[in-house]
Structure formats: structure tokens, C-alpha cells
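Working notes for the structure below.
The values are calculated or read from the model by the stated rules, or taken from the named source; none is laboratory data. Every value quoted in this text rests on a predicted model; they were computed, and no experiment measured them. As a convention, Cβ positions derive from the backbone with ideal geometry for all residues, glycine included, and neighbour counts pool all protein chains shown. The protein model used for the area step is the full one, side chains on, heavy atoms only, and it has no ligands, DNA or RNA in it. Shrake-Rupley method; radii C 1.70, N 1.55, O 1.52, S 1.80 Å.
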Amino acid sequence: MRYAVLGTGIVGRTLASRLVELGHDVRMGARSKDNPAAMEWAQGAGPRASVGTFADAAEFGERVVEAVGGHVALEALRAAGAEHLDGKVVVDTSNKLEQFEGGMRLASLDDIGSVGEQLQKAFPRARVVKTLNTLTSSLMVDPAALPGAHQLFLSGDDAGAKEEVRGMLGEFGWAPERIIDLGGIETARGVEFLMPLWLNLYGNKGHAHFNWHIQTGD
């Protein structure tokens, strides 16, 4: 499978590296094709790794993983080009955060709602799935590093797209019963609103090695 990973930060590099390790071809996209962080990643990741602009990566990828900050996610996908997203699964991993004097906080979400909803509205022919935004990047690709039956969430309007993303998550080590399908893309708003609590827990614990567990009576 050919993947585009849009974003050169820790989330993008972690996801891209794991996908390469799993035998996929990955092109990391950035604003410029000579982005230093992307080039350094590709040099270390091996022959299946390549770099390019957002548009280069999106054209290359059979699936697109959006791993930029939520405040620039729409801009990144516009740079990628609607023609390169049409019909493709677009995995939205982002949270719309902003810095303030005391640290980070969730930015105000406008009337459109969550980042996931904004992306689906802007690119109606893309198959947007929201996931992986509720935990730290190392656990995204190695859930076994944290004991217990902690869970992930999926939001999206396209059942087939969510099934494809479940397959990707399974490659990362997520058992099917630990992936909770919340419903349509409008449910992405709920998981994005978990971020303030996640930041509070991070401040309380002093590390990010934790995740959510939903206990039910089933």
C-alpha cells in the first residue's frame, strides 16, 4: 500500500516510520519538497520512504494520513489538492490546539464543528475518518506498550473507509474489540473535546503514557 503522510512533526514521523516498517511505501508531505525534517526522516527510514510537497504526497498515496496541527489541517489538504483526495481515505489525526502563556489548550471550534467535520465538508469526495487524536504518538503505533484494554475511537460517514482504517490500526496492533466506532463524522467533535482533559492529565502525571478505557456493563 502507498501512503501519504502529511506533516513532519512527531506524529507524522512516528506514523510514517511505522508504516514503512510494516512494508508500506510512504511519502511524507510538507509545504516544500526540501523540508529538512522530512528529508532527514526519509534518509533514516530506508528505500520505501520518500518526501515531497503536500500535493506530491497526496497524489502518490492510495491512502492519506493527515498529521499536521488542527489549526492548519484545512490549509494542508487544500495544498494537497482536492483532485488528489477524491475517493481516497483521509485519516484525520489532528486536534485544534493553541498556545497560551500557561501552555497549550483546545482552540475555539467554530460553527462548522470539529476539524474532522471541517475537512469532510471542504472535501466531500474524500472519505474522512477521525482517529488516533486521543493519545500520544508512541502508543498510536504500539498499543501493547501500555498495559490494559485501553481503546481508540473512529468517526466517519463512510463505512468502507472506516473498515480500511480498522485494517491499518490492526497492523499497528489494535485488536478489533478495542476500536470503538462512534458513528458519523459529527462524532469527531466529542473526541476532539477530550483534549482539554488529556492536557490536564498530562500536566498532572508529567508524562503522556496513558490512554482512555471505557468500562461497560456488557
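Summed over qualifying helices (DSSP H, 4 residues or more, each -39500 (n - 2.57)) and divided by its residue number, the chain shows a 222 nm mean residue ellipticity of -10000 deg cm²/dmol. Looking at the chain, the DSSP beta bridges with both ends there are about 20 percent antiparallel.
Accessible surface computed residue by residue for the chain, with neighbouring protein chains in place and a 1.4 Å probe, gives 46 Å² per residue. Within the accessible area of the chain, the carbon and sulfur atoms contribute 50%, probe 1.4 Å, all protein chains present. Figure legend: label point modelled 7 angstrom from the Cα of V72 along Cα→Cβ; residues of segment 14-39 with amide N under 18 Å from it are 14-16, 28-39. So what is log10(I(q)/I(0)) for segment 118-218 at q = 0.21 1/Å, when the Debye sum runs over its Cα atoms only? Rounded to two decimals, the profile gives -1.17. Comparing Cα centroids, segment 196-218 and segment 47-100 end up 27 angstrom apart. Residues of segment 134-169 falling in the label zone of E62, defined by backbone nitrogen less than 14 Å from a point 7 Å along Cα to beta-carbon, are 164-165, 167-168. As a ratio to 2.2 N^0.38 Å, the alpha-carbon radius of gyration for segment 1-88 is 0.94.
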